[in-house]
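Heads up: the structure comes next, in structure tokens.
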Amino acid sequence: MQLRRLFRVTSSLVSIAVLTSCAQSPAPEAPFQLTVAHINDHHSNLLPHESTQLRVGGESYTVETGGFARVVAQIDAIRGANENVLALHAGDAITGTLFYSIFKGEADAALMNQVCFDAMALGNHEFDNGDAGLKLFLDSLAQTDDCRTEVLGANVQPEVGVSPLTPKTRWDSFKPYTIFSLNGEKVGVIGLDIAVKTKNSSQPDATTMFADELSTARYYVAELQQQGIEKIGLLTHIQYKNDLRLAEQLPAVDFVIGGDSHTLLGNYAQQGLPTVGPYPMQVQNLDGTPVCIAQAWQYSQVVGELQITFAGDAVAQCGGQPHLLVSTDAPQAVQQQPFITAVAPDAEAQRVLVQYQDRLEHLTQAEIATVTERLCIERMGPATQPECGIGRQSDIHAVVAQAFLASAPQADFVLQNGGGVRTEIAAGSLTVADAYQLLPFANTLVEVAITGAQVKEVLEQAVSYALSDSGSDGAYPHGAGIRFDVDLNAPDGERFSNLEVQGAEGWQPLVATQHYTMITNSFLSSGADGWRLLGELNAQGLVQDTYVNYAQSFVDWARKTQIIERPSAHSTQSYRAVAE
């Protein structure tokens, strides 16, 4: 840790240049190289991913990737190998695993302090527990002489005197930008959060506002230039496509380190990973000079190493590479691939992580709610067990759908598949461990922009798949905020009728031409389980991943609800089985 801090402090010192004149004409100015070590969207994924599939030379290998202790080790290695280094985090540090559900950002901050990031941008998920929840996380980040992480959010506007983030002034908890001094060179970094998404899809306080990203960036670029700062970077959580757009519309910007879209840059297609483009991407700013743009995928698996060479105050060259972190015992065929780096976990970071992991295993047995009656499970159709109420639809699916809808106030309704919920819940004490057995997959909640006609179509697709010889009854739809009648004897395409959605004025007919916001899980959004239309909508950009783990959303809802009762209503109002 002391060595890590030494690298951090040394990289921030302003060196004094001694100028000598040995010839009549001055020597040309030496190029300045800036190295940026960066991550984004780790979403409380502190442990390694044990079963990542990588394809090499026609063979498939299962390897361990990432983990925050490896992130610490790799950023230390980058600092040790380069002179002028900034370590940056582009937001969404929190929410996504039990480490956040239980520790509310404390565990994430403890591991981030092992890196000692120079700056972090606020992301939309930093607001998932309101302004007070964000303040709790920020208070855990190091703010000492040895290690200070500057938190940036130029377009974030909590109400002063109302929000716990801004008890006295606008910048009590974060800044619009910060200026680093590196070997006599000054580099300004501006932070931006995605405005509309954070306000509408997360849970900031009602009085906290978010300004337009472009106009905010333009304002603070000008402010930095007025101070004589001409080496300028953006640390953004606004999605890769918006990084490209902003870079081209702004003057003076030299680099962008981004997040939110979980974009993987670099040539990983041959390993079977979802590569979007080259690392780094390069565009031209409004002045016609290069801008280096980078992002580092997701979940503590990649550390980006962006190398920017300046000629004066303009970018002369964009370079560097991403590092997909794998274990040191990964097969040599994997380790020898470009952009894959085998690294051992940092020992001190691993020690800190194990402490939280041990506490987590103990705390997951603690009660988070009480269930008043057994919540029976039926993937498709009414219950057949007398103790569950013969003819009654699945209670646990209805409860889970209620939880998902409560976690997404912007949504009109929820639809999910029967197979995404795996167990019933007994009456009595409900623990976090129970919740993760109930919802065991690595699914996240996604937001779908969908018309009423498309809702009807996807419901019909789901049931057609459930009834097919090669299908599964796990495709059957369950929901909240939506209800319908089902007749499996009707022709394909006519099995659902009397579709209604619940709004401020009660239950209203589903309107074919009206646009709705639907919440479902990321598995279905790929078109899986016969829900093919969702895959098509996803390809059209109409599906937005919230990156909230679906089990965590249930845990958070259960904690607030405390007493979970048997539901009085279900999405399936009437059900007629085949040949009934």
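The values are calculated or read from the model by the stated rules, or taken from the named source; none is laboratory data. Here the structure is a predicted model, which means the values were calculated and not measured. Backbone-built Cβ (ideal geometry, glycine too); neighbour counts: all protein chains shown.
Just to verify a result, which residue in region 343-357, among those that are of a type in the set (A, V, I, L, M) and surrounded by fewer than 19 Cβ atoms within 10 Å (Cβ to Cβ), is farthest from the chain's Cα centre (by Cα)? Of everything passing the filter in region 343-357, A347 is farthest from the chain's Cα centre (by Cα). In region 358-367, the count of residues that are assigned to a strand (DSSP E or B), modelled with pLDDT under 95 and within 30 Å of the chain's Cα centre (by Cα) is one or more.
Across region 149-163, the number of residues qualifying as of a type outside the set (G, A, S) and either surrounded by fewer than 18 Cβ atoms within 10 Å (Cβ to Cβ) or at positive phi (or both) comes to 3.
Considering region 226-267, the residues that are farther than 23 Å from A311 by Cβ, outside any helix (DSSP H, G or I) and among the polar types (S, T, N, Q) include one that is farthest from the chain's Cα centre (by Cα), namely N267.
Any residue that is assigned by TED's automatic domain parsing to the domain that holds M120, touching a Phe, Trp or Tyr at 6+ places or on another chain (Cβ under 8 Å) and surrounded by 22 or more Cβ atoms within 10 Å (Cβ to Cβ) - is there at least one of those in region 209-219? Within region 209-219 (the criterion being assigned by TED's automatic domain parsing to the domain that holds M120, touching a Phe, Trp or Tyr at 6+ places or on another chain (Cβ under 8 Å) and surrounded by 22 or more Cβ atoms within 10 Å (Cβ to Cβ)), the answer is no, since none of the residues qualifies. Taken as a whole, the structure leaves L138 outside the set of residues that are crowded, with 18+ Cβ neighbours inside 10 Å and touching a Gly at 6+ places or on another chain (Cβ under 7 Å). Scanning region 269-287 for residues that are closer than 22 Å to I39 by Cβ, in contact with a Ser or Thr (Cβ under 6 Å, 6 or more places away or on another chain), outside any loop (DSSP other than H, G, I, E, B) and in the same structural domain as R218 (by TED's automatic domain parsing) turns up at least one hit. Looking across region 32-64, just one residue is closer than 26 Å to K104 by Cβ and of a type in the set (V, I, T), and that is I39.
For the criterion of being in contact with a helix residue (DSSP H, G or I) (Cβ under 6 Å, 6 or more places away or on another chain), at pLDDT 95 or above, outside any loop (DSSP other than H, G, I, E, B) and not assigned by TED's automatic domain parsing to the domain that holds V326, V352 fails. Taken over region 484-510, the criterion of being within 13 Å of S571 (Cα to Cα) and surrounded by fewer than 20 Cβ atoms within 10 Å (Cβ to Cβ) is satisfied by D485, S497, N498, L499, E500, Q502, W507. Of all residues in region 181-205, those that are in a strand (DSSP E or B) have Cβ atoms under 9 Å from Cβ atoms of residues that are modelled with pLDDT under 90 and crowded, with 17+ Cβ neighbours inside 10 Å, 6 or more apart or on another chain, in L182/S11. Looking across A247, A206, A222, one residue alone is of a type in the set (G, A, S) and crowded, with 23+ Cβ neighbours inside 10 Å. It is A247.
Run down N84, N113 and say which single residue is touching a Leu at 6+ places or on another chain (Cβ under 6 Å) and surrounded by fewer than 24 Cβ atoms within 10 Å (Cβ to Cβ).
Selected residue: N84, the only one of N84, N113 that is touching a Leu at 6+ places or on another chain (Cβ under 6 Å) and surrounded by fewer than 24 Cβ atoms within 10 Å (Cβ to Cβ).
Of all residues in region 53-73, those satisfying the criterion of being of a type in the set (V, I, T) and either without any contact (Cβ under 8 Å) to a residue 40 or more places away in the chain or over 13 Å from P331 (Cα atoms) (or both) are T62, V71, V72. Yes or no: H38 in contact with a Ser or Thr (Cβ under 9 Å, 6 or more places away or on another chain), in contact (Cβ under 8 Å) with a residue 40 or more places away in the chain and not small (G, A, S)? No.
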